[in-house]
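Only one structure is covered here, and it is reproduced in the block below.
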Amino acid sequence: MSRDAATIRYAGPSPLGETGYRTGLEWNTNSRTRARAAEIIAQYRADQTEVVRDAHLRSEWAAHAVRSPELLDRVQHAIGASVAVENTFLMIKWPGRDFPVPWHQDGVNPRMQLDPERSVAAWLAVTDATTVNGCLQVIPGSHAAGYLDYGREESGARRGKALGVQGMYNAPHDRGVWLPLNAGQACLMDVRLLHRSDSNTTAGVRIGLNIRYVAPGAIRSSDGHSPSLYPLSGSDW
Ligand SMILES: O=C(O)CCC(=O)C(=O)O
């Protein structure tokens, strides 16, 4: 799949500065987050659920997480005072399962494109995330080239086929930077920033909450797709 004629490339600077990301933010305390992780593991262990969509609509803890003060403050600083959640999902990497996420950009898919000046992605560590259990790897400054061509990965994975940037295989990149985080920490990414994660090779579980935040007017949708937004602040919704 490639960008069609109507697709905007959006090459240029980032509201998150030269690197296109910020890391080490706090969304909750370490001890509370560890307790939450234990509950999530107990809830999904039997089915080995890997992706839980719309986590903020399903569980109270995630509805709180998307509005955690430090995170929301940083998001507002980047995209303005009016902020809504466009999408969340919980990603659980169980021990021993093949679950790599290929190089991709969060702000573009077949149904919509996000304006990078009016949107930002967040990744919240619910367990510790390390280089061996599947923390994110990002390519600093990669947002500046704008949206790249993408396609569905070739995979029979139960979780479905992820969208990956064409020609970028799921392997560490020589310009890649790992973003290990402790449970309760988070990072923010430009929605064009190239990032990926490996499978979890440890005996423990790795859990992350993915969030896309938008400001009014951020979404260009195709095929009549109209995402339902979850406003957090401001009155323009
Ligand atoms: O949780 C992960 O390992 C990566 C998730 C991610 O980047 C995504 O699916 O957009």
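Readers should treat all values here as calculations from the given coordinates under stated rules, not as data from a laboratory. Given the structure is predicted, the values throughout are model-derived calculations rather than measurements. Quick reminder, even Gly has a Cβ in these numbers, built from the backbone with ideal geometry, and neighbours come from all protein chains shown.
So how many residues does region 181-194 have that are under 11 Å from residue 123 (Cα atoms) and either free of Cβ contacts under 8 Å to residues at least 60 places away in the same chain or under 11 Å from the mean Cα position of the chain (by Cα) (or both)?
Residues in region 181-194 being under 11 Å from residue 123 (Cα atoms) and either free of Cβ contacts under 8 Å to residues at least 60 places away in the same chain or under 11 Å from the mean Cα position of the chain (by Cα) (or both): 4 in total.
Would region 171-178 turn up any residue that is within 11 Å of the ligand (Cβ to nearest atom) and within 16 Å of residue 137 (Cβ to Cβ)?
First, pick out the residues of region 171-178 that are within 11 Å of the ligand (Cβ to nearest atom): none.
So far as region 171-178 goes, no, none of its residues is within 11 Å of the ligand (Cβ to nearest atom) and within 16 Å of residue 137 (Cβ to Cβ).
Between 212, 196, which is within 13 Å of the ligand (Cβ to nearest atom), over 26 Å from residue 95 (Cβ atoms) and assigned to a strand (DSSP E or B)? Spell out the reasoning first.
Details: 196 fails: over 26 Å from residue 95 (Cβ atoms).
Going through 212, 196 in turn, the sole match is 212.
Which members of region 85-99 meet the condition of being within 12 Å of the ligand (Cβ to nearest atom) and under 14 Å from the mean Cα position of the chain (by Cα)?
87, 88, 89, 90, 91, 92
What number of residues in region 108-159 are within 12 Å of the ligand (Cβ to nearest atom) and in contact with a helix residue (DSSP H, G or I) (Cβ under 8 Å, 6 or more places away or on another chain)?
5
If you go through region 139-154 one residue at a time, do you hit one that is crowded, with 19+ Cβ neighbours inside 10 Å, touching a Phe, Trp or Tyr at 6+ places or on another chain (Cβ under 7 Å) and touching a residue at least 24 places away in the same chain (Cβ under 8 Å)? Step through it out loud before you land on a result.
Start the filter on region 139-154 by keeping residues that are crowded, with 19+ Cβ neighbours inside 10 Å, which leaves 139, 142-143, 147-148, 150.
Applying the additional criterion that residues be touching a Phe, Trp or Tyr at 6+ places or on another chain (Cβ under 7 Å) yields 147.
Within this subset, residues satisfying the condition of being touching a residue at least 24 places away in the same chain (Cβ under 8 Å) are 147.
Yes, that holds for at least one residue.
Quickly run through region 1-42 and pick out the residues that are outside any loop (DSSP other than H, G, I, E, B), of a type in the set (Gly, Ala, Ser) and over 25 Å from residue 139 (Cα atoms). So that I can check it myself, show each step before the final result.
First, the residues of region 1-42 that are outside any loop (DSSP other than H, G, I, E, B): 21-26, 30-42.
From the residues that got through so far, the ones that are of a type in the set (Gly, Ala, Ser) too are 24, 31, 35, 37-38, 42.
Matches in region 1-42: 31, 35, 37, 38, 42.
Which fully enclosed strands (runs of 3 or more DSSP E) of region 101-145 have 3 or more residues being closer than 17 Å to residue 211 by Cα and among the small types (Gly, Ala, Ser)?
Because the criterion is at least 3 residues that are closer than 17 Å to residue 211 by Cα and among the small types (Gly, Ala, Ser), the strands (runs of 3 or more DSSP E) in region 101-145 that meet it are 119-125.
Among the numbered conditions (1) surrounded by fewer than 17 Cβ atoms within 10 Å (Cβ to Cβ); (2) among the hydroxyl-bearing types (Ser, Thr, Tyr); (3) in contact with a helix residue (DSSP H, G or I) (Cβ under 7 Å, 6 or more places away or on another chain), tell me where residue 31 comes up short.
That leaves (3) as the condition not met.
For region 43-81, name all the residues that are surrounded by fewer than 17 Cβ atoms within 10 Å (Cβ to Cβ), in a loop (DSSP other than H, G, I, E, B), of a type in the set (A, V, I, L, M) and in contact with a strand residue (DSSP E or B) (Cβ under 9 Å, 6 or more places away or on another chain).
Of everything in region 43-81, just one residue is surrounded by fewer than 17 Cβ atoms within 10 Å (Cβ to Cβ), in a loop (DSSP other than H, G, I, E, B), of a type in the set (A, V, I, L, M) and in contact with a strand residue (DSSP E or B) (Cβ under 9 Å, 6 or more places away or on another chain), namely 81.
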